[in-house]
Every structure is written in C-alpha cells, then in structure tokens.
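For reference, the structure is listed below as structure tokens.
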Amino acid sequence: MDKDILLQLERRLGRLHARQRLGVEHDHETQVIGYGRNFFHIENFYSIHGFIRGFLRLIGLYGRGRRNAARVVLRHNEILSPRLPPAFDGFTILHLTDLHADMSGQAMRRVIELVDGLRYDICVLTGDYRGKTFGAFRAAMDGVAAVCLHLHAPLYGVLGNHDTVQMVPTLEAMGVRMLLNEAEPIVRGDQRIYLAGVDDAHLFRVDNIEKAGDAVPEGEFSILLSHTPEIYRQAAHAGFDVMLSGHTHGGQICLPGGVPITLDSSLPRRLGVGAWAHHAMAGYTSAGAGASVVAVRFNCPPEITLHHLHRGEPAA
C-alpha cells in the first residue's frame, strides 16, 4: 500500500473510513465463494476465463463476440418527472459505466468516437473501471484518463465492485468528483437539484444510502448514482427521484432477443437493463461500455447513454 495514497485517502475520507474501506477490500481479494450479495463470484474465478475463451473458439464464435464487444452504441433515455425544477427541463446527463478500461481497449476507442461532439450538462461514471477485482490498476486508470480527455466537466463518479478506493486520488486528479456516500447540489440560477452517490453495494457492501441521502434537503429533486441497481428499494424509499446504475452488463452473453443468461445480481429481471420504475422513482440500468470476465458480447450491445430530464408525468 502506497503511503502517499493512504495519506491522501485519510485526508479525503477521514482516517476511519479510509482504513475500513481498505480493510474490506483486503478481506475480499480474489474471493470466489461467499461474501457480497451473490454466493459465487465468477469474476474472481480466473480459471473460468480461459475455459470460456476456449469454448467460444471451439464453436467458432470468439471472434464474433470480440467484434460485438467493440460495437458500443449511443442510447437515449427520456426521464419525466413533475418534480423536476423548471430550470432543469431539458437537462442532459451522459452516463458511462463498466468501462473495464484495461481489458476493453477497442470499446474505449469507440466510446471516444461517440462522446466527441456530444452535448450534455454533466457526465456520470458509475464504476468498474478495472477488469480484475484486485491487483494493479494503473493500466485501467490510463484507459479511463484517455476517455476523460474527451469528456467535458463537470464529471461525477462512484466506485464499483471491481474498483479499489486507491483509485480515488487518481480519478479526482482527472477531474472526476467521486461521490463516496456523498451528495452535492447542481445549481441553475436560483434552482437546484441534488446528485448523490454511494460506494459499492454489491461485493464490498460499503454503501451508506442514509449518509448520502441526509445531505439532500427534504423535498428537493435528487438523483442517486449506484454501481449496482440492487439497492433500488432503499433508494426509492429514501425519496430519490432517479437512480442510475450499471453492473449487470445487461447479461453480456444473452440469448436471441436479448434474454440474459445471468445478470449477476439479486434483482428482478425487469431491472436488469434499460429503463424501469419502482414506486415513484425512475431508474436506468446501463448495459455498460466494456466487458467483464471475457471481452465478448452476444445479443447485448455495449452502450453509453444520454439521459434527458423533462418536466412531465411519466407514462403509466
């Protein structure tokens, strides 16, 4: 552990928070069985990676899967809410997630092509910057930095289950305001909305939605960033109007029609990818721009998303 990074984290998060997060990471490193919300963590079981690649080569689909994984698409999502302040009607959020930048080089080059020239008010990154769940992260940070050079401020981010808190100083040096169970206002004239973010709720389970939500004044319009949508119930009952997530990759390897074989999350399949709602909260689960475990995709294109906020009643 780099002492300079530890000192930076202690200044940024406080001594207790920093040491707790690092300790939890250490406990979970390379854990395959147990911990987190899923009993089996395939992303940590590295023998399976070679098996999947070998099987796909055997049946002649590996090349196609790799090409699919590089074909990132731009999606648009309309979010309607009567609670949105008038000054924010038309507010646009660029949403990037699950970059896995060190193992998704072709996809990152496509992301750069897509974001150049895009118009948006803020950009949010909802975690999983690294391919593995442990070990070195410099290559991942270099990949993220290459993407960030083509994004315009303000940028906000949260950590995912593949990420170490040691990334935070580097990400913030790139201009990404990391929200670690925190919230801050976004102001237009005399009106404002709040953007909150929680730390990883899937593997490390270091999310604190109460702390993030306490920073949002009662009755204010608020958006929650969470790497995983698994905490959708807590988010809705905490009063958030919108929740933006990733993590599932939309299944990544799907049956024809986009039916995921697995979502690696304990949540209803209707929340696995795309737009959804729970009570009064609008949600969106991005399929992500990168790929996890093996850089292939089938029947599930990688994506970046522009969310367009408008005043109005959502469809029933």
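Each value in this text was obtained by applying a stated rule to the coordinates, not by laboratory testing. Not measured: the values here are computed from a predicted model. Neighbour counts are summed over all protein chains in view; Cβ atoms, including those assigned to glycine, are modelled from backbone coordinates with ideal geometry.
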Rounded to the nearest 5, what % of the DSSP beta bridges within the chain are antiparallel ones?
40 percent
Check the cysteines of the chain one by one and keep only those with no other cysteine Cβ under 4.7 Å from their own.
Cys123, Cys148
Using the Cβ atoms and a cut-off under 10 Å, what net charge is assigned to the surroundings of Ser226, where Lys and Arg are +1 and Asp and Glu are -1?
-4
Give me the net charge for the shell around Asp142: Cβ to Cβ below 13 angstrom, other residues only, Lys and Arg +1, Asp and Glu -1.
+1
Using the Kirkwood radius over C-alpha pairs as Rh, can you work out the diffusion coefficient of the range 84-158 via Stokes-Einstein at 10 °C, viscosity 1.306 mPa s, in µm² per second?
120 µm²/s
Largest-first semi-axes in Å of the equivalent ellipsoid built from the Cα gyration tensor of the range 45-177 are 30, 19, 14
Spelling it out for Glu182: with amide H atoms placed in the peptide plane at 1.01 Å from N, the residues 5 or more places away or on another chain with amide H under 5 Å from its amide H are Gly197
What are the extents of the Cα atoms of the range 193-299 along their three principal axes, listed from largest to smallest and rounded to whole Å?
44, 26, 21
Only counting other Cβ atoms within 10 Å, I'd like Glu313, Glu303 sorted with the fewest neighbours first.
Glu313, Glu303
Full extension from Asp89 to His279: what is 0.36 nm times the residue separation minus their Cα-Cα distance, to one decimal in nm?
66.2 nm
With -39,500 (n - 2.57) per DSSP H segment of 4 or more residues and division by the full residue count of the chain, the 222 nm estimate, nearest 500 deg cm²/dmol, is -8000 deg cm²/dmol
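What does the charge add up to near Arg83, with Lys and Arg as +1, Asp and Glu as -1, over the other residues with Cβ less than 10 Å from its Cβ?
Values: positive: Arg311; negative: Glu220, Asp241.
It works out to a net charge of -1.
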Separation of the range 67-102 and the range 144-186 by C-alpha centroid, Å?
16 Å
What distance in nm lies between label points placed 7 Å from Cα along the C-beta direction at Ala153 and Gln20?
3.1 nm
One quarter of the C-alpha convex hull surface, i.e. the mean projected area of the chain in nm², amounts to 15.6 nm²
Simple spin-label estimate for Asp214 and Arg71 in nanometres, 7 Å along Cα-Cβ:
4.9 nm
